[in-house]
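Undergrad: My structure is below; once you've seen it, I'll send some questions.
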Amino acid sequence: MKILIINGPNLNLLGAREPDIYGAVTFEDYFTQLQFRFKALELSYFQSNHEGELIDKLQEVQENFQGVVLNAAAYTHTSIAIADTVKAIKIPVVEVHISNIYTREDFRKHSYIAPYTKGVIVGFGLEGYALAIQSFNS
């Protein structure tokens with residue numbers, strides 16, 4: 001099974017950005033751990049700070065992947081275009097958030113993407129990505 005992890009804006013700063021919220025590990029280091037942990041799966045990773053690039057990548061995945069783990073970051077709360085893309089593609093998407101978005105600012109409590117996903121995982125730190133990957137085997 002091939003799964004693509006897609007991270008949105010500012011997640012390239014993990015490990016340095018607000019470590020009290022997001023932790024001190026870079027996503028690249030964590031991704032290496034995921035690849036080791038899920039050896040039977042083919043994991044790929046894409047990150048962009050640009051909405052259109054995230055949409056383009058989501059549109060491409062249907063051909064080569066069986067699932068997507070998506071942390072659209074701030075676009076979760078603002079992007080109807082990304083939500084429309086998740087709705088349009090024919091493979092399952094699991095939405096992930098490192099922090100518990102429901103304990104943060106009010107604007108973070110709404111996801112345009114969630115209604116079109118297989119599920120949403122929030123507040124478990126980077127481990128949320130592993131939980132999302134596991135969900136594709138259930």
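Undergrad: Go through 118, 57, 109 and list them by solvent-accessible area, largest first, probe radius 1.4 Å.
TA: Working: 118 100, 57 55, 109 80 Å².
Order by accessible area, largest first: 118, 109, 57.
Undergrad: Pick out, from 123, 112, 98, the residue whose Cα sits farthest towards the positive end of the charge dipole of segment 88-128, with +1 on the Cβ of Lys and Arg and -1 on the Cβ of Asp and Glu.
TA: Among 123, 112, 98, the one farthest towards the positive end of the dipole of segment 88-128 is 112.
Undergrad: Pairs 2/57; 39/87; 39/90; 57/109; 2/118; 2/90: which exceed 18 Å Cα-Cα?
TA: 39/87; 39/90; 57/109, as the Cα separations exceed 18 Å there.
Undergrad: Another question, if that's okay. Please give the charge dipole size of segment 59-118, origin at the Cα centre, charges +1 on K and R Cβ atoms and -1 on D and E Cβ atoms. Round to the nearest 20 debye.
TA: On the way: 6 positive and 6 negative charges, 36 e Å.
The calculation lands at about 180 debye.
Undergrad: Moving on. Once you order the gyration tensor axes a ≥ b ≥ c over the Cα atoms, which shape class does segment 80-137 get: rounded for a/c under 1.5, otherwise prolate or oblate by comparing a/b with b/c? Numbers along the way, then the final one.
TA: Values: a/c = 2.99, a/b = 1.11, b/c = 2.69.
Here segment 80-137 falls in the oblate category.
Undergrad: Same structure again: For segment 95-125 and segment 1-33, what is the separation of their C-alpha centers, rounded to whole Å?
TA: Cα centroid to Cα centroid, the span is 16 Å.
Undergrad: Report, in deg cm²/dmol and to the nearest 500, the calculated mean residue ellipticity at 222 nm for the chain, where each DSSP H run with n ≥ 4 adds -39500 (n - 2.57) and the sum is divided by the residue count.
TA: Numbers: 5 runs with 43 residues, N = 138.
So the helix-based figure for the chain works out to -8500 deg cm²/dmol.
Undergrad: If you don't mind, there's one more thing I want to ask. What is the Cα coordinate range of the chain on the first, second and third principal axes, sorted by size from largest, in whole angstrom?
TA: Each principal axis gives a Cα extent; for the chain these are 36, 34, 27 Å.
Undergrad: Let me ask something additional. Taking all protein chains together and a probe of 1.4 Å, list 56, 106 from the most accessible to the least accessible. Could the numbers behind the result be given before it?
TA: On the way: 56 80, 106 120 Å².
Output order, biggest surface exposure first: 106, 56.
Undergrad: Quote the charge dipole size of segment 84-138 about the Cα centre in Debye, to the nearest 20; the model charges only the Cβ of Lys and Arg (+1) and of Asp and Glu (-1). Intermediate values should be presented prior to the final figure.
TA: On the way: 6 positive and 5 negative charges, 29 e Å.
Using Cβ point charges on Lys, Arg, Asp and Glu, segment 84-138 gives about 140 debye.
Undergrad: Where the only charges are on Cβ atoms (+1 Lys, Arg; -1 Asp, Glu), what is the dipole of the chain about its Cα centre, to the nearest 20 debye?
TA: Values: 11 positive and 15 negative charges, 80 e Å.
Approximately 380 debye in magnitude.
Undergrad: Also: So what is the diffusion coefficient of segment 1-81 in µm² per second by Stokes-Einstein at 10 °C and 1.306 mPa s, using a Kirkwood Rh over Cα pairs?
TA: Numbers: Rh = 13.4 Å.
Translational D for this selection: 118 µm²/s.
Undergrad: Quick check for you: with a 1.4 Å probe and neighbouring chains kept, what is the accessible area per residue of the chain, in Å²?
TA: On the way: 6810 Å² over 138 residues.
Here the residues of the chain average 49 Å² of exposed surface.
The values are calculated or read from the model by the stated rules, or taken from the named source; none is laboratory data. What you see is a predicted model; the values in this text were computed from it and never measured. No Cβ is skipped: glycine too gets one built from the backbone with ideal geometry, and neighbour counts run over all protein chains shown. Please note that ligands, DNA and RNA were not included when accessible areas were found on the heavy atoms of the full protein model with its side chains. Shrake-Rupley method; radii C 1.70, N 1.55, O 1.52, S 1.80 Å.
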